[in-house]
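Read the structure below first, then the notes.
The values are calculated or read from the model by the stated rules, or taken from the named source; none is laboratory data. Just so it is clear, the model here is predicted, and its values are computed rather than measured. FYI the Cβ positions are ideal-geometry reconstructions off the backbone, even for glycines, and counts take in every protein chain you see.
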Ligand SMILES: Cc1cc2nc3c(=O)[nH]c(=O)nc-3n(C[C@H](O)[C@H](O)[C@H](O)COP(=O)(O)OP(=O)(O)OC[C@H]3O[C@@H](n4cnc5c(N)ncnc54)[C@H](O)[C@@H]3O)c2cc1C
């Protein structure tokens with residue numbers, strides 16, 4: 001693969017970096033500590049066209065490739081990871097629409113999504129199922145020209161503010177159907193469909209994560225993604241690769257923030273008559289941190305490039321997600337060690353990065369599940 005960026009890609013990344021420096025980094029600590037949704041940042045992102053980044057041009061978006069998208073997510077997460085979470089579910093749904101939506105669904109939803117007038121969420125998880133996606137119980141029954149939906153979803157990022165949620169539901173109750181009984185319905189908020197309780201979290205603050213409650217909610221049959229029942233599982237599995245690229249890129253961004261704070265601090269903080277950066281033990285930490293970040297970025301861009309070619313990227317996105325998020329977790333801990341006691345203080349940003357990083361080990365499929373996905377793919381490729 002090549003990591004040589006075109007002038008256009010470089011310009012987009014530079015514009016986002018400037019936006020992050022100017023409009024996210026100065027306000028993130030206060031909003032994060034007070035758990036406040038970043039309304040002004042979201043408004044500015046709408047004006048600047050961020051919500052249209054990965055939406056095809058013919059539906060009003062910028063049609064960015066996933067390599068550029070990954071670099072943009074890295075920049076945003078370097079400023080504040082929660083802001084990249086606002087974009088993540090939106091682009092998973094945009095991907096679903098662009099790849100398997102009917103033309104009518106694309107025309108209806110993608111243009112308002114490109115401006116951010118409609119924000120989208122993505123919901124597979126339930127109180128009783130996360131890793132085992134095929135255990136989804138939320139039930140959709142056909143009634144004339146509508147589906148009637150009952151059940152509770154869990155952990156919906158953007159659950160309160162998303163007006164449209166791509167929701168995995170069970171259309172065939174036959175227990176033998178397992179994944180073939182699942183469909184994805186583009187659920188619009190309305191009577192019988194609301195956000196339930198918001199979940200209080202260790203980190204990833206500011207952006208809401210909620211239950212979703214369906215009580216006899218009616219969605220038109222025209223909202224069945226792609227128009228065919230029983231396709232929900234493969235549709236969601238292909239789309240979650242976009243989410244895994246986002247999470248891997250977040251890992252790179254959060255780790256980079258931790259590294260940048262640590263290398264600056266290491267040159268300022270004196271012990272035993274010299275900056276701690278002069279102690280070899282600290283230099284080794286910095287060297288390992290930077291090496292892991294570079295490797296994580298390369299894996300992330302490799303997975304993004306594969307997705308750009310329109311290919312399944314389960315193994316590559318899984319490897320990128322696994323490596324980048326484990327690296328991120330290790331790097332933020334090393335940054336905290338370099339900061340010593342001050343790393344544990346809310347006056348410095350490292351404690352926030354330390355609280356944000358563990359989500360990445362879990363979200364978009366835990367790293368145990370990534371290992372299963374990678375191994376399954378490898379065994380298929382190397383089958384004898
Ligand atoms: C802040 C946050 C935001 C989220 N946002 C969304 C969202 O927007 N939409 C959405 O659909 N979901 C979302 N999720 C849910 C997330 O995808 C799940 O939490 C995740 O997939 C794990 O599922 P679980 O929590 O049910 O854990 P479980 O599946 O119960 O797993 C528990 C443990 O068992 C391990 N395990 C499970 N099965 C196996 C196996 N076969 N082999 C080895 N180990 C195994 C897991 O790795 C984990 O360590 C979010 C989660 C969080 C925390």
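Working carefully through the options 366, 300, find the one that is closer than 17 Å to residue 258 by Cβ and either more than 16 Å from the ligand (Cβ to nearest atom) or under 21 Å from the mean Cα position of the chain (by Cα) (or both).
Of the residues listed, the single one that is closer than 17 Å to residue 258 by Cβ and either more than 16 Å from the ligand (Cβ to nearest atom) or under 21 Å from the mean Cα position of the chain (by Cα) (or both) is 300.
Within the range 249-263, can one find any residue that is within 30 Å of residue 189 (Cβ to Cβ) and either surrounded by 18 or more Cβ atoms within 10 Å (Cβ to Cβ) or not assigned by TED's automatic domain parsing to the domain that holds residue 337 (or both)?
Taking every residue of the range 249-263 in turn, at least one turns out to be within 30 Å of residue 189 (Cβ to Cβ) and either surrounded by 18 or more Cβ atoms within 10 Å (Cβ to Cβ) or not assigned by TED's automatic domain parsing to the domain that holds residue 337 (or both).
From (1) within 16 Å of the ligand (Cβ to nearest atom); (2) modelled with pLDDT of 95 or more; (3) buried (at least 21 other Cβ atoms within 10 Å of the Cβ), pick out the condition that doesn't hold for residue 243.
Failed condition: (2).
Say we look at the range 137-155 and pick out the residues that are without any contact (Cβ under 8 Å) to a residue 60 or more places away in the chain and within 16 Å of the ligand (Cβ to nearest atom); which of these is nearest to residue 81 (Cα to Cα)?
Of everything passing the filter in the range 137-155, 155 is nearest to residue 81 (Cα to Cα).
Just checking, does the range 331-342 include any residue being crowded, with 23+ Cβ neighbours inside 10 Å and within 16 Å of the ligand (Cβ to nearest atom)?
no
Residues that are without any contact (Cβ under 8 Å) to a residue 12 or more places away in the chain: find the helices (runs of 4 or more DSSP H) completely inside the range 1-101 holding 3 or more of those.
Ranges flagged: 7-19, 39-47.
Can you tell me which of (1) under 30 Å from residue 143 (Cα atoms); (2) out of contact with any helix residue (DSSP H, G or I) (no Cβ under 7 Å at 6 or more places or on another chain); (3) buried (at least 20 other Cβ atoms within 10 Å of the Cβ) is the one residue 208 doesn't meet?
(1)
Where residues in the range 125-136 are in contact with a helix residue (DSSP H, G or I) (Cβ under 8 Å, 6 or more places away or on another chain) and free of Cβ contacts under 8 Å to residues at least 12 places away in the same chain, which of them is nearest to the ligand (Cβ to nearest atom)?
This residue is 129.
For the range 91-124, enumerate the residues that are touching a helix residue (DSSP H, G or I) at 6+ places or on another chain (Cβ under 8 Å) and within 11 Å of the ligand (Cβ to nearest atom).
Those that are touching a helix residue (DSSP H, G or I) at 6+ places or on another chain (Cβ under 8 Å) and within 11 Å of the ligand (Cβ to nearest atom): 92, 93, 120, 121, 122, 124.
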